[in-house]
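One structure is given below, encoded as structure tokens.
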Amino acid sequence: MLGLRANLGQFLLLVLINAFVGAMVGLERDVVPLLGAHEFGLASATAGLSFIVSFGVVKALANLGAGHLSDRIGRKGVLVAGWLAGLPVPVLLIVAPSWGWVIAANVLLGINQGLCWSTTVIMKIDLVGPARRGLAMGLNEAAGYSAVALAAAGSGYLAAVYGLRPWPFVPGLMFALAGLLLSILFVQESHGFARHEARLLAPTPAAPVSEARSDVPPETAPATAQAVAPSLSFTEVLWRTSWRDRSLSAVSQAGLVNNLNDGLAWGLLPLFFAVGGLGVAQIGLLAGLYPGVWGAAQLATGALSDRLGRKPLIVGGMWLQATALALLLLTHGFGAWAGAMVFLGLGTALAYPTFLAAVSDVAHPSWRASAVGAYRLWRDSGYAVGALLSGLLADRFGVPWAIGGIAAITFASGAVVLLRMRETLQKKRTAANSDVVQPHG
């Protein structure tokens, strides 16, 4: 049956697994940029951020593949494949004799993150039905990014005490093994829940035929799953998500820009803080504070979007992120920068789970996994775009100019959402909310 309470055991298991997914990337948030500068002697910001470029490109493509494969063959196999890709990552980072090995590790990490995070998101959406999507995404992203924060702070502490290698990366071996075993032994396939929801949304004989047509222009169709036919090709889903549907495309570009400034925070801010006189332990705390606030606040913001709507939280979140980046340039010192990182985390928390909830509002259950994958393709492309853009700006004009430029782009992205996106939250719930009908298949 659909619903969070009815599927609480599986839902909480997926939350735990997603925490391990987040912890895998959290280990890199502060240590790898310092590793490039101190052990491999990378003087260029663009070269130093190349590991994020490789990670972002591969993760974006893995997201797209994960969504498509989840609709074709089911969710669980994709999740297990992602953990198999993640197992070698900590070992490569520990033994890497050159920067090329670090890039290779991040290729595998991108596959791991794309396949595992996408499928845990899709499976939670399958389980809860339409009534609690915002809450479900808030819990999912809270677990993932709280784990990012804890792993970042922990790896920073280990680096300060024991050095940049090997101890900061050793916990990654345990995270990957635990995620793999839990996925194989205890996770259950959830594709049947999506098929069940699709049957509940099927047009009734009394409903006009036009309500189920896929050729209704997006300018006139309501932004709900009920208004879109289930028979869409993968290419059509990608086109709708990228441009044709105003709401989906607005969310996709905002997701890209959100991760553009997250790429900046990951790859460039540790160096910015180091130039500002902070030590490794303080940098680790700041690197963990931002995703920590981001993760914890999503426990509230995801559910809040179920009450207030998706659009206000996305616009406000993007503008708060832009303000936080500007504050980094206008202040100095650990305390002031900590405040700016708190604001950056809050802004991201407002937008991040709401993106996924909005996509789930619009996409029909029969092609929802593909739509989530297409959105995540654009969102995680932001890592690569952000690393390249901020690196080029930093090399040409200096790090402050890179931070200011990304802040301006983030503010403009919020304006695009304000002008282009329609509110996607349905005020009146449908029969798809039912918690009493069992899914089949």
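The values are calculated or read from the model by the stated rules, or taken from the named source; none is laboratory data. Keep in mind the model is a prediction, meaning the values are calculated, not measured. Cβ: placed from backbone, ideal geometry, glycine included. Neighbour counts: every protein chain shown.
Numbers for the structure displayed
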{"quantity": "Helices (runs of 4 or more DSSP H) enclosed by the range 1-49 - at least 3 residues per element that are touching a Gly at 6+ places or on another chain (Cβ under 6 Å) and under 22 Å from ALA178 (Cα atoms)", "calculated": "8-26"}
{"quantity": "Residue within the range 342-355 that is within 25 Å of ALA297 (Cα to Cα), touching a helix residue (DSSP H, G or I) at 6+ places or on another chain (Cβ under 8 Å), among the polar types (S, T, N, Q) and crowded, with 24+ Cβ neighbours inside 10 Å present", "calculated": "yes"}
{"quantity": "The range 50-81: number of residues that are under 18 Å from LEU180 (Cα atoms), of a type in the set (Gly, Ala, Ser) and in contact (Cβ under 8 Å) with a residue 60 or more places away in the chain", "calculated": "3"}
{"quantity": "Where HIS38 falls short, out of the listed (1) under 20 Å from TYR157 (Cα atoms); (2) surrounded by 18 or more Cβ atoms within 10 Å (Cβ to Cβ)", "calculated": "(2)"}
{"quantity": "Selection count, the range 266-279, where residues are farther than 23 Å from VAL21 by Cα and crowded, with 19+ Cβ neighbours inside 10 Å", "calculated": "3"}
{"quantity": "Hey, GLY100 of a type in the set (Gly, Ala, Ser) and surrounded by fewer than 23 Cβ atoms within 10 Å (Cβ to Cβ) or not", "calculated": "yes"}
{"quantity": "Flag for ALA198 being crowded, with 24+ Cβ neighbours inside 10 Å, of a type in the set (Gly, Ala, Ser), at negative phi and in a helix (DSSP H, G or I)", "calculated": "no"}
{"quantity": "Test: ALA85 is over 30 Å from ARG195 (Cα atoms), small (Gly, Ala, Ser) and more than 17 Å from the chain's Cα centre (by Cα)", "calculated": "no"}
{"quantity": "Failed condition for SER70, given (1) within 24 Å of ARG379 (Cβ to Cβ); (2) of a type in the set (Ser, Thr, Tyr); (3) surrounded by fewer than 21 Cβ atoms within 10 Å (Cβ to Cβ)", "calculated": "(3)"}
{"quantity": "So ALA387, is it surrounded by fewer than 23 Cβ atoms within 10 Å (Cβ to Cβ), more than 20 Å from ASN140 (Cα to Cα) and of a type in the set (A, V, I, L, M, F, W, C)", "calculated": "no"}
{"quantity": "Some residue of the range 232-243 being modelled with pLDDT under 95 and not in a helix (DSSP H, G or I)", "calculated": "yes"}
{"quantity": "Hits in the range 291-302 - residues which are buried (at least 20 other Cβ atoms within 10 Å of the Cβ) and of a type in the set (Gly, Ala, Ser)", "calculated": "GLY292, GLY295, ALA297, GLY302"}
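Yes or no, residue by residue, for (1) outside any helix (DSSP H, G or I); (2) buried (at least 24 other Cβ atoms within 10 Å of the Cβ):
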position: ASN261; (1), (2): no, yes
position: LEU264; (1), (2): no, yes
position: ALA281; (1), (2): no, no
position: GLY284; (1), (2): no, yes
position: LEU289; (1), (2): no, no
position: THR323; (1), (2): no, no
position: LEU328; (1), (2): no, yes
position: HIS332; (1), (2): yes, no
position: GLY335; (1), (2): no, no
